[in-house]
Amino acid sequence: YGLEAAVDENTAAIIFEPILGEGGLVEISRQFALRAAELARQNDALLIFDEIQCGLGRTGKYFGYQWWDEGGAGAIMPDIALVAKPLAAGLPLAAILINEKAAEVITPGMHGTTFGGGVLACRLALEFLDLVDELLPHIQETGAYFRERLGDLVANYDFVKEVRGKGLMVGLNLTVPGKTVVPKLQEAGLLINCTADTVLRFLPPYIIEKQHIDELVAGLDKIFEQGPPDQP
């Protein structure tokens with residue numbers, strides 16, 4: 001790995017997203033994460049998981065890194081986890097979760113935030129945390145349906161390469177740039193974005209229903225029937 005070449009005794013921390021958001025919905029392998037944890041321990045560095053996009057239920061589990069423990073493979077735990085987007089149900093709020101190792105070197109005043117501690121946002125966060133357990137099964141079920149429906153597009157169009165992601169963090173990888181698909185869907189009242197040039201990214205509300213997924217897939221199908229997306 002390039003990771004091994006980059007880490008030495010001068011490394012303060014290793015940080016990465018368990019599932020890349022802006023990087024194209026690429027899942028980090030358990031093997032990579034395990035090696036990162038080993039290198040962090042060997043070099044007395046902190047292991048930090050950026051769960052801002054993939055955390056707090058987005059993938060169907062509380063945290064994206066919990067998927068590495070599927071089948072009893074064994075947990076890979078970070079020293080620090082960063083969470084944000086779903087936490088206050090749309091209002092700006094983030095949190096940093098730390099273990100005892102990290103807490104020993106963080107003193108009062110070292111960590112500050114613009115959007116931390118607001119009464120309204122924190123009250124919404126408490127409500128969200130009360131609801132998230134109930135949402136996880138729905139996220140896993142609708143996420144599986146979403147990927148299945150997108151798989152139909154992979155089967156039907158040679159320029160649609162693969163479906164990526166977990167839960168309701170989903171990407172559709174094309175063989176051509178996908179930026180022109182975004183405004184076409186927007187005209188139909190459907191909001192998505194394109195990341196890593198060729199990956200259409202879908203981060204729908206946790207309460208999305210199957211009929212909404214069908215509407216989106218129908219919109220994509222109508223666009224793809226016209227052939228590979230035009231280049232901007």
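The values are calculated or read from the model by the stated rules, or taken from the named source; none is laboratory data. A quick note: this is a predicted structure, and the numbers were derived from the prediction, not measured. Note: ideal-geometry Cβ built from the backbone for every residue, glycine included; neighbour counts use all protein chains shown. What goes into the accessible areas is simple: the full protein's heavy atoms, side chains included, and nothing from ligands, DNA or RNA. Shrake-Rupley method; radii C 1.70, N 1.55, O 1.52, S 1.80 Å.
Taking the conditions (1) open to solvent by 20 Å² or more (accessible area, probe 1.4 Å); (2) in contact with a helix residue (DSSP H, G or I) (Cβ under 8 Å, 6 or more places away or on another chain); (3) without any contact (Cβ under 8 Å) to a residue 40 or more places away in the chain in turn, residue 225 satisfies each one other than (2).
Okay, residues lined up against (1) buried (at least 16 other Cβ atoms within 10 Å of the Cβ); (2) farther than 23 Å from residue 195 by Cα:
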residue	(1), (2)
9	no, yes
18	yes, no
21	yes, no
25	yes, no
41	no, yes
60	yes, no
74	no, yes
80	yes, yes
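Taken over the range 43-57, residues that are open to solvent by 30 Å² or more (accessible area, probe 1.4 Å), part of a loop (DSSP other than H, G, I, E, B) and not aliphatic (A, V, I, L, M) amount to 2. Of all residues in the range 145-191, those satisfying the criterion of being in contact with a strand residue (DSSP E or B) (Cβ under 7 Å, 6 or more places away or on another chain), assigned to a loop (DSSP other than H, G, I, E, B) and open to solvent by 30 Å² or more (accessible area, probe 1.4 Å) are 175, 179.
The one condition from (1) modelled with pLDDT of 95 or more; (2) over 17 Å from residue 23 (Cα atoms); (3) of a type outside the set (Val, Ile, Thr); (4) under 19 Å from the mean Cα position of the chain (by Cα) that residue 191 does not meet is (1). Being open to solvent by less than 50 Å² (accessible area, probe 1.4 Å), of a type in the set (D, E, K, R) and farther than 17 Å from residue 53 by Cβ is a description that does not apply to residue 130. Checking each residue in the range 80-111 for being in contact (Cβ under 8 Å) with a residue 40 or more places away in the chain and assigned to a loop (DSSP other than H, G, I, E, B) picks out 86, 87, 88, 94. Scanning the range 113-127 for residues that are open to solvent by less than 90 Å² (accessible area, probe 1.4 Å) and polar (S, T, N, Q) yields a count of 1.
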